[in-house]
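Where a number appears in this text, it was derived from the coordinates with a stated rule and is not lab data. All figures in this text were calculated on a predicted structure; none of them were measured in a lab. Note: ideal-geometry Cβ built from the backbone for every residue, glycine included; neighbour counts use all protein chains shown.
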Amino acid sequence: MGATVASALTSRALLKPSEVVQADTPVRRARAAQGLASKGAAGADPVGQVGDADLHFVATDGWIYLDPLATVPPYHPDNMAPDPFTTYIFGFRNVTPVSNDSAKVFAQKMKAQLAAPLFWFEEGGEYRLKVTNLGLQIRPDLIDAHTLHFHGFRNAIPIFDGEPHSSVGVPIARDLIYLYRPHDPGTYMYHCHFEETEHVHMGMVGPCFIAPAQNEGAPGLLMARLKGNPDPGAPLGYAYNDGDGSTAYDREFIVFLSEIWTVSHWSDSHVQLPEWSEYAPEFYLLNGRVWPDTLLPDGLGTEPATGDLIPPPGHPELQYQPMSAVIQASPGERVLLRFINLGYEQQAMRLEGITMKVVGKDATLLRGRNGADLFFDTNTVAIGPGESVDAIFVAPPYVGGLPYDRYLLYNRSYQRLTNGGHPGYGGQMTEVRVYPSDALPPQTEPNTRVEPV
Ligand SMILES: [Cu+2]
């Protein structure tokens, strides 16, 4: 007994969170003094130093929209959902643009989004990501903590891993600043790890990636446009430190897979407990939406006066699902697709009519220890829960006759191409759109769509 008490006291003394968080403050100050910019979330939001953090996310609950004509009585549409929404979620939001105004930050309670905001870091940098737990508006009885688990990220110590049983969670109305020093480029994902079966499925899932140091250039390789190279012939970036430019790309898009089992979402809004062993999702989501909403535009970022999300034009129902799934390309361009699966089922995503080259898996370049090239060509990416795949395709020539050529990217399980099992297409499907040469302005930020000219 005495030993147990002693070890408990010891571990507490060794892992005092405030001291760990404050470690290396001189390094951070030096970095800020050098003017090293922080890479942030996608969209038009300005991202910079915010108090003690580079990025500021909140964790809370909210409402989203899934085809209300696809009924799953009595679970979908949820009769508690305010118009035009249908489905209760837990989730994250990026409040960096209003982080200095705590009233605006706390006003984002019950305004979570799905998928959670994209963020990216650069290899060799140092980043602080603050998470504030705003609580659950619809379920004040649930005093759950939340965490941000950077899935696959190799943490030096558990404190920033977001796995609450071996370290800490973020209680309601508290902040935690996670410290990251990325060394391993590639495509990752993040999710809340508190009561994870529920919180992951309820929507606390999002995409992220680490850009390689090679974006600065290497012998025989151009500096990437992401790092400021004005040469239009330079790649937007490289997926990995390949040494030979074989993972160079001109555009990049997130292909983020998740699922909605309406029984569990309805149960959470109605203070019921679902039986998780009966898991049977009815909606299969691509970037937080189902076909045909996957083809609608991105949301317009954060309204600075309120901190609220601005919906895509004409689509208030998609206010909290801001990420389009449209993939754009000009003929001959190399397009990187960052596939991520944070559902609970394996998926097989087919790109009909275009061959993809798989160059990375789970944030690892596909090379043997002896340098052997393990890239492979396919038109179907199989991806399990918690996995990521980096695939690059070269856009085919523009055929003509229409403003752009369409190639479907879809889940090849037709049972997952419906909304709620109802007639007609739905689920995980989107389009690759190949435009005439010179019609498409270059992509300058990851996962952004541009207006053709
Ligand atoms: Cu959570």
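Computed quantities for the displayed model
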{"read-out": "Translational diffusion coefficient (Stokes-Einstein; Kirkwood radius from C-alpha pairs) of region 13-434 at 10 °C, 1.306 mPa s, in µm²/s", "value": "72 µm²/s"}
{"read-out": "Computed lengthening from E196 to E352, 0.36 nm per intervening residue step minus Cα-Cα distance", "value": "52.7 nm"}
{"read-out": "Cβ-based net charge around V394, under 13 Å, with every Lys or Arg adding one and every Asp or Glu removing one", "value": "0"}
{"read-out": "Förster radius 45 Å - calculated FRET efficiency between R181 and Q415, Cβ distance, rounded to 0.05", "value": "0.55"}
{"read-out": "Amide N of region 291-307 lying under 17 Å from the label point, which is placed 7 angstrom from the Cα of H422 along Cα→Cβ", "value": "291-294"}
{"read-out": "Part-to-part distance (alpha-carbon centres) for region 129-175 and region 240-275, which is given in Å", "value": "19 Å"}
{"read-out": "Cβ-defined net charge surrounding P281, 12 Å radius [Lys, Arg +1; Asp, Glu -1]", "value": "-3"}
{"read-out": "S166 paired with D101, simple spin-label distance in nm, labels 7 Å along Cα-to-beta-carbon", "value": "4.1 nm"}
{"read-out": "Pairwise FRET efficiency - E445 versus S246, Cβ, R0 = 25 Å, nearest 0.05", "value": "0.60"}
{"read-out": "Which of T364, T132 has the fewest Cβ neighbours within 10 Å, and the rest in rising order", "value": "T364, T132"}
{"read-out": "Antiparallel content of DSSP bridges confined to region 13-434, in %, to 5", "value": "75 percent"}
{"read-out": "Sum of side-chain charges, P403 neighbourhood, beta-carbon under 13 Å (Lys, Arg +1; Asp, Glu -1)", "value": "-1"}
{"read-out": "Separation between Cα centres of region 381-453 and region 197-230, rounded to whole Å", "value": "20 Å"}
{"read-out": "Reachable aspartates and glutamates, given that their alpha-carbon falls under 19 Å from the alpha-carbon of K357 and they are not under 8 places away in the same chain", "value": "D242, D244, D250, E252, E333, D373, D377, E387, D390, E431"}
{"read-out": "By average C-beta atoms within 10 angstrom, highest first, the peptides 95-105, 331-341", "value": "331-341, 95-105"}
{"read-out": "Mean Cβ count within 10 Å, highest first, over the residues of peptides 201-210, 62-71", "value": "201-210, 62-71"}
{"read-out": "Distance in nm between pseudo-label sites at W276 and S437 (7 Å out along the Cβ direction from Cα)", "value": "5.4 nm"}
{"read-out": "The chain: calculated mean residue ellipticity at 222 nm from DSSP helix runs of at least 4, using -39500 (n - 2.57)", "value": "-3000 deg cm²/dmol"}
